[in-house]
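Remarks on the structure that follows.
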Amino acid sequence: MRKQGLIFLIVVAALVIFLNSVVTDRWLERRMEKFGSRSIGAKVEFSRVNFSPLDLSLNWEGLKVTDPDDTWTNLFETGHCAFDLALEPLMKRKVVIEDFDLQGLRFGTPRKTDGALAGGKKQKSLGQSKVVQSVEQNIMAEIERYPLLNLGILQGTVDVDSLWDEVALESPERIQALKEQYVSKYDEWEIRIADLPGEPEMVTLERDIDSIQIDQIDTPQEAKASYDLLQTIEERNRDYYRTVTQIRDDLIMERTDITGVKGEIDAWIEEDYQRILAMAGLPELSREGIATMLFGERIANRMEKVLHIVGRVRTYSRKVGKYIPAKEFPPRGAGQDIRFTREQDYPLFWIQRLRLTGETAQGVGIGGTVLHVVSDQQKIDRPTTIQLGGARADGAGLDFAGVIDGRDDVPKEQFDLTLKGFPLEGRTLTDFPFLAYPLSGGVAAVTGRIDFEGSNFLAELGFRGTDVGFDTLHRPDALDDELYALSLAMVRRIDEIQLAASVRQRGDDFKLDIESNLDDIVLDGLKQVMSDELQAVQEELSERIEGEIGTARSEVEALITEREAYLQKATWEAERRLIEQHTRIEQKREEIDSRVKAEEERIQREAEEELQKQREKIEDRGKGLLDSLL
Amino acid sequence: MLGMMLGLLTFKTLFAAPLFLILILVNVNLAAAIVGLFIFRLIGYLADPLLHSLGYWVLADIPGLKGFWTALASMRIVPFARFNNTLIMGGLIAAAVLAIPLFWGVKRLIIGYREGYQERVKNWKIIKILKGSALFRFMSGVEKLGGR
C-alpha cells in the first residue's frame, strides 16, 4: 500500500466535503441556469438557490425564464419555490418531487437586460409535430381565402391591368407538368401495347389451325396428334389473351386515375382564381366568409399559439418517452445515452403535485394545481392534469382545466378555458376598417375548448360581448367620407357581439366555421354601396385566367382523349382477334370430334357386319356337320 | 493496461473510480500509466464513431440483452457507471478485448527491448537530450512517487 496515495485520497475527500458545504448552492444554481438556458435557448436565471443535502430539499427565491422569441421579455417568472426530492428514486438517478410549491408566477414580464444567450446560441429545435403543422397550415389557408376587403373596390379604384401584372398563375406550370407526365406515361403504354400479339402472331395461329386437315384423320394416332396440336395452339392463344386482358385491366385502372384529371385542372384554376382575389382583397362576398374576414386572422393567431404549445408538449413527450432512441451522431467524446427502465420503476422525472399561485399578463390573480408532470405517463398510468382559476378586483375571472394524456399510442390533449367579466374598453375587435374602432365600453365572456386526439383536432370558441360601444371619433385612415358614413351606420346597429368559431380536422378533412351576429350587419352595409364593379372585376379576372389557361387545358384534354382512344382501340382489336381464334379452335375441335365419332361408328359398323358374317358362317358349318352326322 | 482502460473510458463514469484507486493505491508504474492514458485517449478520440457504434449495437441492437441492461439500470449504484452511454460501453468493450493481448504484447515488447536494444538506445544522442529535458525529469518524479 502506498502511503502517498492514501494521504492524497484523504486530502481530496476533505476538500470535497469543504467545497460541498461552502459552494454547492452557487454551483447548483449555475448548473441549473446553464441547463435551463440550453433547453430554452435564452437566459434562465435563478436567484438564491438553496439546497440542503441532509433533507434533500431545494428552494429558490426567484426564477426568470426569458422568451427566446423576445429576449427583452420573460416567458414567465416565479417568486419563492420549494420542493423536496424523494431519496429512494434519487438513488436510482430519478427525480421525484411529491409537492412543488410555486409562488408568484407571472407571465410576459419585461426584462431589464437582454436575455439572449452570449454568442447567439440557439436552442436546438425539437421539431414541430407534423399534425400540429398540418392544422396550422389548414387554418392559415382558410383564413387567406377571406382577406380583409380591398376598399378600392368600394371607391372604384381597382386597376385590373396592374393587378394582372402582379399575378403569377400557378396553373399553367402545373398543367404543363401534368402534360409532360402524361406524355411520358403514354409512351410507356405504347411500349406495353407493342407487346400485344400483332398481325404475325395472328397469321401463325390461323395457319397452325388450318394445318389440321380433318379429312386426313384416318387412324386413332392421327386423331390424337391433331388433338395435341390443337391443344398447343389453344394454350398459345390463351397466353396471348392473358397478356391482352392484363394490359386492358391495367389500362382501365390507369384510366380511373386519369378520369379525375379534368376535375383536378378545374380545381387548380379555381385555386389560382381564389388566390388572385385574396391577393387583391376581393373575396367573394357571402355571409359565410364575413366572420372569417372580420375575426379569422385574430382567431388563427391565438389558435396558432395554443397549437404551438400542444406541439411542443407532444414533441417533447415523444422524445423523452421513446424507449430506444434512434442512433444519433453525437459530438466526439459525448456518446449517446440509451435509457433502460423497468415498467414498475419510477419515471426519470415526476412532480406529483405542483401548487402554484401567480398572476396573468392581464393582472388576474391565479392559483391552482398541476398533477403529474412526468417524463413517462405510462410508468405511472396517470395523465397530467391542470386546474387553474382566478379573479381580478374588477370582477374579471378565469377558469382553466387541461388534461394531457400520452399513455396510449394515440396522444390526447383537452383544454377548457372560461373567461368572464373582462372589460373591452380600449380594445379593437377586428382590423376590418369599417369596425376598426377602439371600444368605448363593454364586457366580454369567452369559452374555449380544444380537443386533440392523435391527428384529429376540434377547437370551439365562443365570445360574447355585451353593452358594446365604439369610439367612433377614432376614424380609421382607410375610410373616406362616404365609407366613414357607412361604417357609422354599421356600428350604430351593434350593441352586442356574439361569435362562435370551430375548427375541425379529421384525417384529411378540415373545416373552419366562424359565425357572428355582425355577419348580416356588415354584409347588408357592404351590399348597399357595393357597385357592380366587384362583379365586373371578378368576371374580368376569371376571363383572363381562362384565356391564359384554356389552351393548355385543351391540349392536355386532347392528348388524353387521343391517346386513350388509340390504346383502347389497340387492346380491343387484339382481344377481338384472339376471341375469333378461340372460336376457330373450338370449331376445329368439334370437327375433329365429329370425324373421330364417324370413324368410330364406321369401325363399329364394320365390326358388327363382320361378326354377323362369321356367325352365319359358323351356323352354316354347324348345320352341315349336323346333317352329315344324321 | 490501466492507462489504456482509463484512456478508452471517459472520467465521467464510475468505472473510472476503481481504476483510479488501483492506480493511486497499488505500486504500478505511474509514468507508464499516464503515457498509456494519453495515447489511448487520443486513440479513443480518433475511434470515437467506431466506439459509439459498437456501444449502440450492444445496448440497442441486441434484444436479448435488454433485460440484462434493464436489471443493471434498476440497481442503486450501477447507473452511475453510465454503462448506458454508447461511448462508455464501446470503450469498455474495447478495453476488455484489448486487455490481454495488450498485456502480453507490451510485456514481450519490453523484454525484447531490454534484452536487445536498451543499451544501444541509451547511447542515442536524442535519448540523451530527452533525458535532460524537463518532461523527463517530471516523469521521473512521477515514477518515484509511484515507489519505483
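The values are calculated or read from the model by the stated rules, or taken from the named source; none is laboratory data. Note that the structure is predicted; figures quoted are calculated from it, not measured. Glycine gets a Cβ as well: all are built from the backbone with ideal geometry, and neighbour counts include every protein chain shown.
For first residues located in the range A:409-421 and over 23 Å from residue A:456 (Cβ atoms), partners that are basic (Lys, Arg) and surrounded by 16 or more Cβ atoms within 10 Å (Cβ to Cβ) and lie 6+ apart or on another chain with Cβ distances below 9 Å form the pairs A:421/A:392. One residue stands out among those in the range A:336-392 that are basic (Lys, Arg) and more than 14 Å from chain B (Cβ to nearest Cβ): the one that is surrounded by the fewest Cβ atoms within 10 Å (Cβ to Cβ), which is A:355.
Quick check on my filter: what residues within the range B:23-53 are surrounded by 15 or more Cβ atoms within 10 Å (Cβ to Cβ), within 11 Å of chain A (Cβ to nearest Cβ) and among the hydrophobic types (A, V, I, L, M, F, W, C)? Scanning the range B:23-53 gives B:23, B:24, B:25, B:28, B:30, B:47, B:51.
Only one of the numbered conditions (1) closer than 12 Å to residue B:92 by Cα; (2) within 10 Å of chain A (Cβ to nearest Cβ) is not met by residue B:6, and that is (2). Confirm whether residue A:35 is away from every other protein chain (no Cβ under 14 Å) and more than 29 Å from residue B:21 (Cα to Cα). Yes.
Can you tell me which of B:22, B:62, B:39, B:34 is more than 24 Å from residue B:137 (Cβ to Cβ), of a type in the set (Val, Ile, Thr), out of contact with any Asp or Glu (no Cβ under 8 Å at 6 or more places or on another chain) and in contact (Cβ under 8 Å) with a residue 12 or more places away in the chain?
On the way: B:62 fails: in contact (Cβ under 8 Å) with a residue 12 or more places away in the chain; B:39 fails: more than 24 Å from residue B:137 (Cβ to Cβ); B:34 fails: more than 24 Å from residue B:137 (Cβ to Cβ).
Among B:22, B:62, B:39, B:34, only B:22 is more than 24 Å from residue B:137 (Cβ to Cβ), of a type in the set (Val, Ile, Thr), out of contact with any Asp or Glu (no Cβ under 8 Å at 6 or more places or on another chain) and in contact (Cβ under 8 Å) with a residue 12 or more places away in the chain.
Taking the criterion of being away from every other protein chain (no Cβ under 12 Å) and crowded, with 19+ Cβ neighbours inside 10 Å, the residues of the range B:9-22 that qualify are B:15, B:19. Is it the case that the range B:81-92 has a residue that's of a type in the set (D, E, K, R), facing chain A (nearest Cβ under 10 Å) and under 20 Å from the mean Cα position of the chain (by Cα)? Within the range B:81-92, one or more residues are of a type in the set (D, E, K, R), facing chain A (nearest Cβ under 10 Å) and under 20 Å from the mean Cα position of the chain (by Cα).
When you look at residue A:215, is it in contact with a helix residue (DSSP H, G or I) (Cβ under 9 Å, 6 or more places away or on another chain), charged (D, E, K, R), over 20 Å from residue A:572 (Cα atoms) and exposed (fewer than 15 other Cβ atoms within 10 Å of the Cβ), yes or no?
In short, yes.
Tell me the residue from A:513, A:481 that is surrounded by fewer than 15 Cβ atoms within 10 Å (Cβ to Cβ) and either closer than 22 Å to residue A:296 by Cα or not assigned by TED's automatic domain parsing to the domain that holds residue A:300 (or both), please. Being surrounded by fewer than 15 Cβ atoms within 10 Å (Cβ to Cβ) and either closer than 22 Å to residue A:296 by Cα or not assigned by TED's automatic domain parsing to the domain that holds residue A:300 (or both) holds for just one of A:513, A:481, which is A:513.
Filtering the range A:94-113 to residues that are over 38 Å from the mean Cα position of the chain (by Cα) and free of Cβ contacts under 8 Å to residues at least 60 places away in the same chain leaves A:111, A:112, A:113.
Which of the residues belonging to the range A:177-212 are surrounded by 11 or more Cβ atoms within 10 Å (Cβ to Cβ), more than 23 Å from residue A:570 (Cβ to Cβ) and not charged (D, E, K, R)? Scanning the range A:177-212 gives A:178, A:209, A:212.
Mind counting the residues in the range A:393-404 that are part of a strand (DSSP E or B) and either surrounded by 17 or more Cβ atoms within 10 Å (Cβ to Cβ) or at positive phi (or both)?
Residues in the range A:393-404 being part of a strand (DSSP E or B) and either surrounded by 17 or more Cβ atoms within 10 Å (Cβ to Cβ) or at positive phi (or both): 6 in total.
Entry remark, the range A:428-449: residues being at pLDDT below 90 and hydrophobic (A, V, I, L, M, F, W, C) number 5 in total. A count restricted to the range A:471-493 and to residues that are touching a Phe, Trp or Tyr at 6+ places or on another chain (Cβ under 8 Å), at pLDDT below 90 and assigned to a loop (DSSP other than H, G, I, E, B) stands at 5.
Look at the range A:132-144: where a residue is on the phi < 0 side of the Ramachandran plot and a partner is β-branched (Val, Ile, Thr) and part of a helix (DSSP H, G or I), sitting 6+ places away or on another chain with Cβ atoms under 9 Å, you get A:132/A:310; A:132/A:315; A:139/A:299; A:142/A:292; A:143/A:292; A:143/A:299. Could you say whether any residue in the range B:109-130 is more than 10 Å from chain A (Cβ to nearest Cβ), within 30 Å of residue A:12 (Cα to Cα) and either loosely packed, with under 15 Cβ neighbours inside 10 Å or modelled with pLDDT under 85 (or both)? Within the range B:109-130, not a single residue is more than 10 Å from chain A (Cβ to nearest Cβ), within 30 Å of residue A:12 (Cα to Cα) and either loosely packed, with under 15 Cβ neighbours inside 10 Å or modelled with pLDDT under 85 (or both).
Screening residue B:73 with (1) under 30 Å from residue A:3 (Cα atoms); (2) within 14 Å of chain A (Cβ to nearest Cβ); (3) of a type outside the set (Asp, Glu); (4) more than 22 Å from the chain's Cα centre (by Cα) gives one miss only, at (1). The helices (runs of 4 or more DSSP H) falling completely within the range A:197-283 that include 3 or more residues that are closer than 21 Å to residue A:598 by Cβ and more than 56 Å from the chain's Cα centre (by Cα) map to A:220-259.
Being more than 8 Å from chain A (Cβ to nearest Cβ), of a type outside the set (Gly, Ala, Ser) and exposed (fewer than 13 other Cβ atoms within 10 Å of the Cβ): is that true of residue B:62 here? It is true that residue B:62 is more than 8 Å from chain A (Cβ to nearest Cβ), of a type outside the set (Gly, Ala, Ser) and exposed (fewer than 13 other Cβ atoms within 10 Å of the Cβ).
Residue A:581 falls short of the stated requirement of being more than 30 Å from residue A:171 (Cα to Cα), polar (S, T, N, Q), without any contact (Cβ under 8 Å) to a residue 60 or more places away in the chain and out of contact with any Cys (no Cβ under 9 Å at 6 or more places or on another chain). You will find that of A:589, A:553, the residue that is basic (Lys, Arg) and within 30 Å of residue A:166 (Cβ to Cβ) is A:553 and no other.
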